[in-house]
Structure formats: C-alpha cells, structure tokens
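Remarks on the structure that follows.
The values are calculated or read from the model by the stated rules, or taken from the named source; none is laboratory data. Not measured: the values here are computed from a predicted model. Counting neighbours? That spans all protein chains shown, and the Cβs are built from the backbone with ideal geometry, glycine included. Note: accessible area is taken over every heavy atom of the protein model, side chains too, but ligands, DNA and RNA are not part of it. Shrake-Rupley method; radii C 1.70, N 1.55, O 1.52, S 1.80 Å.
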Amino acid sequence: MKYEVNQLAFSYGQKPIISNLSFSLHEGEWLTILGPNGCGKSTLIAVLLRILERNQGEIRFEGKSLQGWDRKALARRVAVVYQKNEIPFGFTVREIIEMGRYPYQGRWNRWSEADEKAVQTALDLTHTEEFSKKSFRELSGGEQQRVLIARAIAQEPEVLILDEPIAHLDLRYQYEVLRLCQKLQKEQGMTILSVLHEINLAAEFSDRLLLMNRGTALAKGRPSEVVVPRLIKEAYGINIEIVQKNGKPYLFPIF
Amino acid sequence: MVLKTKTQKILGLMALIVGVFILIVFAVGFGAIKIPWREVVQIMADGVFGRESIDGHTRFIVLNLRIPRILMAVMVGMLLSLVGTSYQAVFKNPMADPYLLGTSSGAALGATLALLLPQLQVFGYFGVTAFAFLGAISTTLAVYFLAKTGNKISTISLLLSGIIMSSFLSAIISLLMIFHHEEIAMIYNWTLGSFNGASWQGLKLATPILGIGILVMSFWAKDLNVLLLGDAQAYSLGVHAQNVKRKILILSSILAAVAVSMSGIIGFVGLIVPHFFRMIVGPDHRYLLIYATVGGGGFLLLCDTIARSILPNTEIPVGVVTAILGAPFFMILLYRTKQGRE
C-alpha cells in the first residue's frame, strides 16, 4: 500500500477544504482524482506531498505515518508534475532534469554514476535528449511538460503524482503525456496518482477513480462504476449519457 | 552561456580572481600621487611579511589610505552582488536587488538613527551595523509581503513595493538631515554611497561576515536552484521552501546591512553583476554565487576608481557612478522582461 488516507480533514483557518476523506493508493495502480473546481483536489495533493500539514485524520505512506518521513527520503519515493511550471533564468533542459537528483545528493558531493544513469534513463524515456542543451524557456508547452516529467523520472520515484498535467496542452500532447505515464506504470511499475479534469481521458487511462465533491469522496471504484449519470449529476450538476467503447465509459453531456 | 564545461568554469573563476587582484594593484597605484605597481606589490608583500623596504610616506598612503578604501570597495561589491544573487533566486525575479527593494534604504535609516541618537551610540560601530540590519530585514519583509499575491510575486508589484518603501524611508532620512544640520554632509554621503569612511576597523568586522556569508550561501547553492522550480516543486524534492527562503532572506539582510553600514547606499551592483555572470556561466548557483561575488568586488572597485579619478581634484560619490551605469542597464532588463525574454 502506497498511501492510506483515513478520515482526513484540512481547513484554511475556519474554512474547511477537505473533510472526512478516506482512500488508499495501491502499489502499481493508476488512480485518478476527479471533481469540480474547488472540491479540494489540489489541496489534497499538497497535503500528500507535505506542502501543507493535515489538521485531522491519518495519512500513512508505505505503512508509516507521513509526518514521520524525512523530506528527502519521501522525495526519493514520490515525485510530482504540475500543470505548468514557469522557471526563471535560462536553465538548460539537462540542468532542470539533473535537479531531480537533489534528494539523492549531499551538499558538496560529486555527481555519481547512479545520478548520470537516472538522468540518461529520464532523457531516453521522454525523448528529450534532442533538446537537452536548449534553454527550457525556448521550448513549447508540450516539450516543457515532457521535460518536467523527465525531471520527475530522474527522481526515480515509486509514486508519480500528476496535478492536472495536461490542462493547457492540445489533444496530441495530452495523449502523448498520458501514454508516457501509462508506459511508466506498465513497464517501470510506477504507481500513478493523477488529478484530471477530462473525465473521458481519466476513464480511459486509470485503473480506479476517486470522485470528490465538497472536500470529501463521493465515489470510489473502477471507471465504469464511477462515471455514471447519477454521480456525475451530483458532482457537476449536469446530465450525461454514457457510451461504452472497448469496455470503457465515455460520457456526453446532454443540455 | 559562454563557459560550458566544468573545467572552463573553474579556469574562468581563477582568471577572474587573478583579474580582480591585478585591478586592486593598479587601483592602489592610481590617484593624486601615482605609485608604480612594482612599489605597490613591494609594499603589499612587506605588509604580509612584516618588513619595511619602501620609504615611509608612500607606505603610509598605500597602507592607511588607499588599501583600506580599495578593500572596502571590493568587499562592499562582493556583499551587494552576493545579496542580489540570492534575492533574485528567492524572489524568482531578475529585478530583485537590495537597492531596488528598499533593503539598502532601510539599512541606511537604521544606521543613520544609530549615528544620530545619543542613546544608541554606546554600542559603537557594532551598533550601527546592528541597527542597519534591523532596518534592512524589516524593509525586506515588508516589501516581500506587500508584493506577494498568493504564491506569486510579479515584477511590477515587487518593484512598486520597493520604490514605495525606498521613497518613504529616504523621506525620513531627509527629515533627519533637516533636524541634524551638523551631520548633514555625513548623512548626505551615506545616501549616495561613499568609501571615504574606510578604515581597517570596518574591514575587520566585515571580513568574517563576508566569509561566513559566502560559505553559508554556497551551502544552499543547490537549494537556490531547486527553489527556482517553484515552492511546490521544491517541497517535493525535499527542500522545505519556506524555511530555506526565510533563512536566506535573514542572512542576505545581514550582509546588505554590513555593506550599507560601511559605505551607505550604492545601487544597481546587485542587479548588474549577477545578471552579467548568468550570461557567462549560466544560472546554476553552484558557480553563479562565487562568480558574482568575486566579480561584484571587481566591478565596484572599477566604479570607485572611476569615481575618484574622472574629474581632477573632485571625487564623485560612487553611487552616482553605479547609478549612471546601472539605470540604462535596468531599462534594458525591464524591456526584455516585458517581452518575456527574462
């Protein structure tokens, strides 16, 4: 079991964002969190990464309380890719990917063979070698996203968290990024936790879905169990119709 | 990036250090009384080995007048560039600079108060630096929180907050000048920056602080790189972004305060120098920090040498020279930022 979240609650001051949320992330699976804007998805990711500290409830990572994890030790197991990442100054692609090795390095020690190997693997898997010497800022949105994923791969994580990784990409790059993650899941055995807005894509790529609404879990289960008219209506307030293709549900809104 | 490989970067750094040293020797020889560089080297070597082989008058000028001033220019330049480099990483903004953010004005006000108020004079030279630090850190924090919206600090709000704070603090300094006629020349010198007050005493206080500053900042070099990926990403790589940023801002404010209490307000050094060396060695702080620090020393010494030699028998405040060189540079940088190239 990677993450076990039990009765989690989080609030900003008096304003509750997450309440009574429980779920778990199994080893090797792809779990996608869905839900309307403001339902607490991004806050949940921040809590799981210990950017924010939970108020109540329990979070365990690999059986050990998340609070008890050393930050660098956790960083060797969990990596994250965000929707967009503006990086000031002209860092080259390679320099950015190399920063993925930060949790493995001491203050002064030299670049090791293991570091080099991890960076090379990341470059190969994401096909970013060709522009590795270029400045990150010169790349297109889709290329930048590949570099950020490469940086996460260089971290050699067991869990890859994706917080709306495709929100600003066009259709081709959306698929490219998700296929790459699928490859990491199937071939490298990575566990994937993603936040997505595109319900059809979520259903296509994920093993399980967690539908959130108002800070808590509305439904958990296989895509065909979660993407149903009743639940979608409750979360998003719109009527849908479902079409099955290759055993996966695809939804169409009805107005 | 001009220097690409590690070897080039290390050789480049050595060349830079040698260059600054040569500049020091020539700057010592420069002035109303010209002293040939061979004699300067001789006197320096004598100083190190405790000998006296050159006649007393020249030796006095070199050791008691020129060298303290020149070392102070180098040291202040190093401090300001180090602060500028670290501010730019913490604020994720190439425009961050102790002068533009008002840190220097805050330090100057603190130091002015310590100089003017008789109750504070019991602390002596240390008191001036301590009050400069209080002024520097409170101004930096005020600007930081004024400029911050959510998790982001935009260039415009950062500069606006800095300008507002500096004008406010400068106004208070001006008020103090009106109330303390006798010290008006001294305070005025402060606000424009000058190395006239250079002394071995000031150098003795500043040297260890600069040394510690360079060491500790280099200790955080990789963290500074990771911080540029954004706070959330930094956390996920094992860096406690808020803690590290807080520590770096406190250390930077101490360094800025030391610089200001030695020389007053000197602008643009922390802006120009890191930017220049980012073009030479790239943005990786493992190299950039040390390059900018050494180069900043050389740059400010160059400006000071211009300031005291360009007009016969008149010395221009060094802050005027850096501003005349820095303001056009700042405009270019702002223009490029607007176009999204920075």
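Looking at segment A:11-40 only, could you name the residues that are buried (at least 19 other Cβ atoms within 10 Å of the Cβ) and under 23 Å from A:L184 (Cα atoms)? Result: A:L25, A:W30, A:L31, A:T32, A:I33, A:L34. Counting residues in segment A:65-77 that are within 28 Å of A:E204 (Cα to Cα), touching a residue at least 40 places away in the same chain (Cβ under 8 Å), open to solvent by less than 30 Å² (accessible area, probe 1.4 Å) and aliphatic (A, V, I, L, M) gives zero. Only residues that are among the polar types (S, T, N, Q) and either over 21 Å from A:Q83 (Cβ atoms) or in a loop (DSSP other than H, G, I, E, B) (or both) were counted across segment B:221-241, and they come to 1. Of the helices (runs of 4 or more DSSP H) that lie entirely inside segment B:1-119, those containing 2 or more residues that are within 30 Å of B:L146 (Cα to Cα) span B:67-90, B:103-116. The residues on offer are A:Y250, A:Y236, and the sole one that is open to solvent by 50 Å² or more (accessible area, probe 1.4 Å) and touching a residue at least 60 places away in the same chain (Cβ under 8 Å) is A:Y236.
The residue pairs whose first member lies in segment B:176-187 and is assigned to a helix (DSSP H, G or I), whose second member is open to solvent by 100 Å² or more (accessible area, probe 1.4 Å) and of a type in the set (S, T, Y), and whose beta carbons are closer than 8 Å, counting only pairs six or more residues apart or on different chains, are B:M177/B:Y188. Considering segment A:160-174, the residues that are more than 22 Å from A:Y3 (Cα to Cα), touching a residue at least 12 places away in the same chain (Cβ under 8 Å) and not polar (S, T, N, Q) include one that is most open to solvent (accessible area, probe 1.4 Å), namely A:R172. Among residues of segment B:313-342 that are open to solvent by 60 Å² or more (accessible area, probe 1.4 Å), those with a Cβ under 8 angstrom from a residue that is at pLDDT 85 or above, sequence gap 6+ or separate chain, pair up as B:E315/B:A307; B:E315/B:R308; B:L325/B:F268; B:L325/B:I272; B:L325/B:C303.
Note on segment B:233-248: residues that are open to solvent by less than 10 Å² (accessible area, probe 1.4 Å) and of a type outside the set (V, I, T) total 5.
Residue-level check: of (1) on the phi < 0 side of the Ramachandran plot; (2) away from chain A (no Cβ under 14 Å), B:G264 misses just (1).
With the structure loaded, tell me whether B:A257 is more than 14 Å from chain A (Cβ to nearest Cβ), among the hydrophobic types (A, V, I, L, M, F, W, C) and in contact (Cβ under 8 Å) with a residue 24 or more places away in the chain or whether it fails that test. The answer is yes for B:A257. Restricting attention to segment B:144-171, the residues being open to solvent by 70 Å² or more (accessible area, probe 1.4 Å) and either polar (S, T, N, Q) or assigned to a helix (DSSP H, G or I) (or both) number 9. Among the criteria (1) surrounded by 15 or more Cβ atoms within 10 Å (Cβ to Cβ); (2) hydroxyl-bearing (S, T, Y); (3) more than 14 Å from chain A (Cβ to nearest Cβ), the one B:S174 does not fulfil is (1).
Only a single criterion out of (1) open to solvent by 20 Å² or more (accessible area, probe 1.4 Å); (2) not in a helix (DSSP H, G or I) is not satisfied by A:A114, namely (2). For segment A:49-94, the set of residues classified as within 7 Å of chain B (Cβ to nearest Cβ), assigned to a loop (DSSP other than H, G, I, E, B) and aliphatic (A, V, I, L, M) consists of A:L49, A:I51, A:I87, listed by residue number. Looking across segment A:123-159, the residues that are within 13 Å of chain B (Cβ to nearest Cβ), charged (D, E, K, R) and either in contact (Cβ under 8 Å) with a residue 12 or more places away in the chain or under 21 Å from A:L48 (Cα atoms) (or both) come down to A:K133, A:K134, A:R137, A:R151, A:E156. If you go through segment B:23-56 and keep only what is exposed (fewer than 12 other Cβ atoms within 10 Å of the Cβ) and either of a type in the set (D, E, K, R) or under 15 Å from B:G298 (Cβ atoms) (or both), you end up with B:K34, B:R38, B:R51, B:E52, B:D55.
Taken over segment B:209-238, residues that are more than 7 Å from chain A (Cβ to nearest Cβ) and touching a Leu at 6+ places or on another chain (Cβ under 9 Å) amount to 12.
A residue that is out of contact with any Asp or Glu (no Cβ under 8 Å at 6 or more places or on another chain), closer than 23 Å to A:N37 by Cβ and open to solvent by 10 Å² or more (accessible area, probe 1.4 Å) occurs nowhere in segment A:178-197.
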